[in-house]
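Comments concern the structure below.
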Amino acid sequence: MRELTVAVANLPDPVGATFAATVLRVRPNGPNVVSGDVVVAGTRATSAAPPMTIVLCRCGMSQDKPFCDGTHTRAGFKDAGFLPHNAPQETLSPGRVTVIPTPNGPFECRGPLIILGSDGRSAASEATWLCRCGHSRTKPFCDGSHKRVGFRT
């Protein structure tokens, strides 16, 4: 397999760009913005041809789950968007990322995904579970809090 090498500082801006990698940007107090070769299983985003940019809810309150509808602003969702210190650092091979919104649970991301925190730190993994209930203590990653808070999709 060919190894994917990406300099985080040189990643393209998501609007109207082409992508060397699939990148998720954690927005402070807001959604996850994913750009690149990405599809969302079971949604209208599976019919669009990658590369594309999708905006995923991470507050848990969107009426358009799994996508963001701006509810985080009205609801006062607060999360700085920093990555935890133990964020995964894997060597990635090129490929498509499939985001699977699990029923009443996290986003399961399969494929080479680079995650950029608002603090400038990065993570890289071939298998990632992202919080979408808004209550994880390890955001943007899932810690199982969706079960504790009774998150429903």
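The values are calculated or read from the model by the stated rules, or taken from the named source; none is laboratory data. Treat the numbers as computed from the prediction; the structure is a model and nothing was measured. Neighbour counts are summed over all protein chains in view; Cβ atoms, including those assigned to glycine, are modelled from backbone coordinates with ideal geometry. When the accessible area is computed, the model is the full protein with side chains, heavy atoms only, and any ligands, DNA or RNA have been set aside. Shrake-Rupley method; radii C 1.70, N 1.55, O 1.52, S 1.80 Å.
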- Query: If you scan the stretch 101-119, which residues turn out to be under 15 Å from the mean Cα position of the chain (by Cα) and open to solvent by 40 Å² or more (accessible area, probe 1.4 Å)?
  - Reply: Arg110, Ser118
- Give the residue that is nearest to Thr128 (Cα to Cα), with candidates limited to residues of the stretch 51-105 that are part of a loop (DSSP other than H, G, I, E, B) and of a type in the set (Phe, Trp, Tyr). Phe82
- Message: Quick check on my filter: what residues within the stretch 129-146 are open to solvent by 50 Å² or more (accessible area, probe 1.4 Å) and without any contact (Cβ under 8 Å) to a residue 40 or more places away in the chain?
- Response: Trp129, Arg137, Asp143
- Item | Among the residues listed as Ala87, Ala123, the single one being among the aliphatic types (A, V, I, L, M), over 17 Å from Val55 (Cα atoms) and under 12 Å from the mean Cα position of the chain (by Cα) | Ala123
- Message: On the basis of being charged (D, E, K, R) and in a loop (DSSP other than H, G, I, E, B), does Arg132 make the cut?
- Response: yes
- Query: Among the candidates Gly81, Gly76, Gly150, Gly95, which residue alone is open to solvent by less than 50 Å² (accessible area, probe 1.4 Å), within 12 Å of the chain's Cα centre (by Cα) and not hydrophobic (A, V, I, L, M, F, W, C)?
  - Reply: Gly81
- Taking Thr98, is it out of contact with any strand residue (DSSP E or B) (no Cβ under 8 Å at 6 or more places or on another chain) and at pLDDT 95 or above? no
- Message: I'm told Ser122 meets every condition in (1) hydroxyl-bearing (Ser, Thr, Tyr); (2) open to solvent by 10 Å² or more (accessible area, probe 1.4 Å); (3) under 15 Å from Gly60 (Cα atoms) except one. Can you identify the failing condition by its number?
- Response: (3)
